[in-house]
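Worksheet: one structure, shown below.
The values are calculated or read from the model by the stated rules, or taken from the named source; none is laboratory data. Only a predicted model underlies this, so the values are computations on that prediction, with no experimental measurement involved. Keep in mind that these areas ignore ligands, DNA and RNA; they rest on the heavy atoms of the full protein, side chains included. Shrake-Rupley method; radii C 1.70, N 1.55, O 1.52, S 1.80 Å.
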Amino acid sequence: FDEKGNICKVTWKSPIYKDMECYKVSTDCGDEIIAGKGHKWLVHFGVNVNSIRTTESLFERQIEGRTHNPKITRAAALNLPDVTLPIDPYVLGYWLGDGSKRETTFCAGAQDIEWTKSEFTRLGYNVTQHKDPTSFAILGVKHYFQKLNLINNKHIPEIYMWASIEQRKALLQGLIDSDGCVTKRGHTKFEITLEHLAKQTQGLIRSLGYKATLSEGRSVMNDHYYGKTYIIHFTMPDCARMPRKLNRCIGSAYRVNTAITLSYYGIEDTQCIEVDSPSHLFLVGESMTPTHNSTYCSHLYPAWYLGRNPNHKYLQAGHTQEFCDEELVITSRRRHTRYWRDWSSDVC
């Protein structure tokens, strides 16, 4: 995927580079990406003016003590088509948050029960009220839960993780309406005791184009410890459907960048790719962070062109001295180069 959420294709890959110096790129939402020293990133520093920098140059800038960590603009939601789903995604999300793991039974607070039942009815489900005023069930659908291996095994099935934007959003809304909290400031917290479901929910939020951090807590009730709990924090304008929660969500103009820090990782073999996205960006890591591809065409096209047109005059500029030095070697193999000038002192 590219930074706009559209599918892109790999058009070229490099040979494997042996014994390359690598760095660990850590995002402020908990992801770690290993990248070679020459890998490129589209970043900005405090202002929204992007520039392309290599991993090594970003690390050197960091150890020099420069202010402002590099930031990367978050990618848009992954753009995927609608798929046929056996259970409405909102209903599944609500069941994952506040449903019985053995039955198609749901719980809701006294202030939310009537709205929740009416929403399920609107979605086409046959709702039946239990004796407990905060509990209800839907009829005739348990076989769908069994087919998806959900009974006694709460998780998000793979088909839902790769559904359309609206379908994935509906799934998240069910999770937040059932077991999430939206603060008065518009920040959302989702807390659950199942680690695998927490990580899936974090991935679901990231696939919708928003940053989500995951932390661990303690589940305590009446001074009794029940084990670990997993907490996701994020901000998204329409992550809830229930009116009292939806009204607290922050507007769509609020968007968070991904800040990165770097540390030396070691020596590894690496390989570069080029993609056909217009921006030459593609997504890496579990955080789906945009990064820049290698410029295969920029390196080899000049040599190919000059080999076919040796009498043409030619001027090429590069974004770093390292790139220009490498390009000079490649081009010189195909044609004698009269001179090389460092333009860095002449260009603002």
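Report the rotationally averaged projected area of the range 129-232 based on its alpha-carbon convex hull, in square nanometres.
Numbers: hull surface 35.6 nm².
Result: a mean projected hull area of 8.9 nm².
Share of the range 28-126's accessible area from carbon and sulfur, percent, 1.4 Å?
Taking all protein chains in place, the range 28-126 shows 47 percent carbon and sulfur surface.
If N is the number of residues in the range 1-148, what value comes out of its Cα radius of gyration divided by 2.2 N^0.38 Å?
It is 1.68.
Taking every Cα atom in the range 112-179, find the radius of gyration and the maximum pairwise distance Dmax, and write them in Å.
For the range 112-179, the Cα radius of gyration and maximum Cα-Cα distance read 13.2, 38 Å.
Enumerate the lysines that Lys184 could reach by cross-link, defined here as Cα to Cα under 17 Å, with residues fewer than 8 away along the same chain left out.
Straight-distance partners of Lys184: Lys245.
Name the residues whose placed amide hydrogens come within less than 5 Å of the amide hydrogen of Arg241, ignoring near sequence neighbours (fewer than 5 apart) on the same chain.
The list, which skips near neighbours in sequence, is Asp177.
If you plug each phi of the range 41-56 into the Karplus form 6.51 cos²θ - 1.76 cosθ + 1.60 with θ = phi - 60°, what whole-Hz ³J(HN,Hα) values come out, in order, with x for Gly and Pro?
After applying 6.51 cos²θ - 1.76 cosθ + 1.60, I find 9, 9, 10, 9, 10, x, 10, 7, 10, 7, 9, 8, 10, 7, 4, 5 Hz.
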